[in-house]
Amino acid sequence: MLNPLHLKKNNDTILLAYINIENSDILVTKVSGGFIVNTFTLILIITLVVLLIGLIALRIIGKRMEKRQAEQKEQMAAVAQTISMLVIDKSKMKLKDAGLPSVVYESTPKYLRRSKVPVVKAKVGPKIMTFMCDSDVYPLIPVKKEIKAVVSGIYITGVKGLRGQLEKPTGKRSLKSRLKDLRDKYQK
């Protein structure tokens, strides 16, 4: 009958001793290259694997969302019309307070219902209508002026000036440029 007895020599080498009680024989077996991992390394490896799986999942989901967005843009471009309108007011407000049809509010996912959206109130012919606006187009829309807008349903996707060019809003100036202007002003 062999009873195993484990003896540790080094971190890399493990000795196994088998003792035969009947014959008084001892059989020693050397096992080298034992892979011993401390807990910190194990936690680090598991964390890296989970992060890698998460990044791969995000990449796959991102590609699907890009495809959906491209399809939706194609559909909106197919339905788009150019309408001349007089902009009365523009603001960013919650969907519930915007005065849009109830179908729009109900079809919006719950997590987006609280977010603020760019809303434009405009006079189209004899009617005053409320439009949602693309966030890139919103700063270009002038208030109390007549414009030609590319509209897809109740969504404004593009703007052109009816009489002349539209004024592009000036971006936020950097601290360096403002300090330079102050310096030039006081040097004169």
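Name the lysines eligible as straight-distance cross-link partners of K148: C-alpha to C-alpha under 29 Å, and not fewer than 8 places from it in the same chain.
List returned: K73, K90, K92, K94, K96, K116, K121, K123, K127, K160, K168, K172.
With a Förster radius of 22 Å, plug the Cβ-Cβ distance of M93 and L162 into 1/(1 + (r/R0)^6) and report the FRET value to the nearest 0.05.
So the FRET efficiency works out to roughly 0.30.
Report relative contact order for the range 83-188 in percent, whole number only (criteria: Cα-Cα under 8 Å, sequence separation at least 6).
Relative contact order here is 27 percent.
So for the pair R178, Y155, with labels modelled 7 Å out along Cα→Cβ, what separation do we get in nm?
3.6 nm
Any read-out appearing in this document is the output of simple, stated calculations on the displayed coordinates, not a laboratory observation. Owing to the predicted nature of the structure, the values given are computational and were not obtained by experimental measurement. A quick note on method: Cβ atoms are made from the backbone with ideal geometry, for glycine too, and the neighbour counts reach across all protein chains shown.
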